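Enquirer: Take this structure, written in structure tokens, and hold onto it; I'll ask about it next.
The values are calculated or read from the model by the stated rules, or taken from the named source; none is laboratory data. These numbers come from a predicted model, not from an experiment. Virtual Cβ from ideal backbone geometry, glycine too; neighbours counted across all protein chains shown. Side chains are part of the model used for accessible areas, which takes the heavy atoms of the whole protein and leaves out ligands, DNA and RNA. Shrake-Rupley method; radii C 1.70, N 1.55, O 1.52, S 1.80 Å.
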Amino acid sequence: LRPYGGVRKQGIHMRFSGHETFHLRDGWLHKGLELLIQKPAALVGPNAADWLGVGLNMARSIRHWLQVTGLAQLGEKGKSGPRGMIPTELGQLIFERDPYFLDPGTLWALHANLVSGAQAGSWYWFFNFFNLTRFEREVCLENLRQFLQLRRIKLPAHTTLERDLQCMLASYAQPVPPKYEDPEEEPYCPFVDLDLLRHYRSSGHYEINRELKSVPFELVGYSLAQAFTSVSQGTGQADIRLEEAQRQPGAPGRVFALSPETLFDTLLAAEYECGGKALHISGLAGERAIRVICRSPIQWLQDYYTRMEKEEKHAA
């Protein structure tokens, strides 16, 4: 395994590259996670590309995506050879409950993991600190450079930063109007289905979709638990101010690219969906907070899968 390029400042380690300029492709996480669980040594062995049915650079990219989405982590370094990889608790859960990554809740959880940690530098910055809604790629790149400079973080090479940002944009952007091309020629990234970013091909502009999105209430809880230790490690219930849920890195307003108005609407929808039992909005305008039950992110996702299975059985 090759080390990631990264920079550190005041405890924040922002990494750029590692994906070999390949955005996540449909089916990669299933292939990688299945191999990791069934033949873990093969994933980091010299024949990993053959096992995965891809090229050498793509095999490295798959290992990268397994890590930054929270499905895998590096194991202890052996006496010889590279460090191995092991599935995380999340990786084990998803392999048991949604091994083919077909459930929308799975995709939201992986997206939340990706943008909440700084292992994927451009992803972390874009969703948590970039505040423009409509922009050109060059403007976005310059904003990222300024962000790093203002925090006195050593800039990676210009080409590294540019390629990392382009890979991030390609991971989410829905082309407008849509392209009708052979999927083999235009590799598809499942994060496009989240409808978080649009690319207007005629002008070259990008636009963040800050409209209301269909996010299961458990995944709202998942995001809150990731962003606030009072939710993930507390007992009983925790209160999170709406302003914190909007601005805090990794919180729902950031992760789901919501405006203050659509965050409130998303929370109302989540409250209705769970009947106010898992979370609800308390207080008056100006002092509103989310009162949410305390659970870890993995518990929120487990609850989601359990509810989905019950609904499927009921429908059958």
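Enquirer: Tell me whether the stretch 192-316 comes out rounded, prolate or oblate; compute the Cα gyration tensor, take square roots of the eigenvalues as a ≥ b ≥ c, and use a/c under 1.5 as the rounded threshold.
Expert: oblate
Enquirer: Find how much the distance from residue 246 to residue 203 grows on full extension, using 0.36 nm per residue of separation minus their present alpha carbon separation; answer in nm with one decimal. Please report the intermediate quantities before stating the final value.
Expert: On the way: separation 43, 0.36 × 43 = 15.48 nm, distance 3.01 nm.
Answer, rounded to one decimal: 12.5 nm.
Enquirer: Lysine pairs in the chain 8 or more apart or on different chains: how many have alpha carbons under 20 angstrom apart?
Expert: So the count of such lysine pairs works out to 5.
Enquirer: Let me ask something else about it. Could you please put 124, 100, 188 in sequence from largest to smallest accessible area, using a 1.4 Å probe?
Expert: These residues rank, largest area first, as 100, 188, 124.
Enquirer: Which order do 239, 164, 195 take by accessible area at a 1.4 Å probe, largest first?
Expert: Result of the area sort, largest leading: 239, 195, 164.
Enquirer: Further question on the same structure: With a probe of 1.4 Å, find how much accessible area the chain has per residue, and write the answer as a whole number in Å².
Expert: Per residue, the chain has 50 Å² of solvent-accessible surface.
Enquirer: What distance in nm lies between label points placed 7 Å from Cα along the C-beta direction at residue 160 and residue 74?
Expert: For residue 160 paired with residue 74, the spin-label model returns 1.5 nm.
Enquirer: Could you work out what % of the accessible surface of the chain is carbon and sulfur, using a 1.4 angstrom probe and leaving DNA, RNA and ligands out of the count? Show your work: numbers first, answer last.
Expert: Values: 7760 of 15880 Å².
Here carbon and sulfur together make up 49 percent of the probe-accessible area.
Enquirer: Can you work out ³J(HN,Hα) from phi for every residue in the stretch 65-73, in order, using Karplus 6.51 cos²θ - 1.76 cosθ + 1.60 and θ = phi - 60°, giving whole Hz and x for Gly and Pro?
Expert: Listing the rounded values in order: 5, 4, 6, 6, 8, x, 8, 9, 9 Hz.
Enquirer: Just read off the accessible area of residue 16 with the full protein assembly in place, 1.4 Å probe, to the nearest 10 Å².
Expert: Residue 16 has an accessible surface of roughly 0 Å² with all protein chains in place.
Enquirer: Obtain the nm distance between the two label points defined at residue 21 and residue 193 by a simple spin-label model: each point lies 7 Å from its Cα along the Cα-to-C-beta direction.
Expert: With each label point 7 Å from Cα toward Cβ, the separation is 2.8 nm.
Enquirer: Viscosity 0.692 mPa s, temperature 37 °C: what is the translational diffusion coefficient of the stretch 126-262 from Stokes-Einstein with a Kirkwood Rh over Cα pairs, rounded to a whole number of µm²/s?
Expert: Translational D for this selection: 195 µm²/s.
Enquirer: In debye, nearest 20: dipole of the chain around its Cα centre with unit charges on the Cβ of K, R (+) and D, E (-)? If you can, show how the numbers build up before the last one.
Expert: Details: 35 positive and 36 negative charges, 292 e Å.
Approximately 1400 debye in magnitude.
Enquirer: Rank 264, 147 by accessible area, highest first, at a 1.4 Å probe radius?
Expert: Details: 264 50, 147 20 Å².
Largest to smallest exposure gives the sequence 264, 147.
Enquirer: Taking the alpha-carbon set of the chain, what are its Rg and Dmax in Å?
Expert: 19.7, 61
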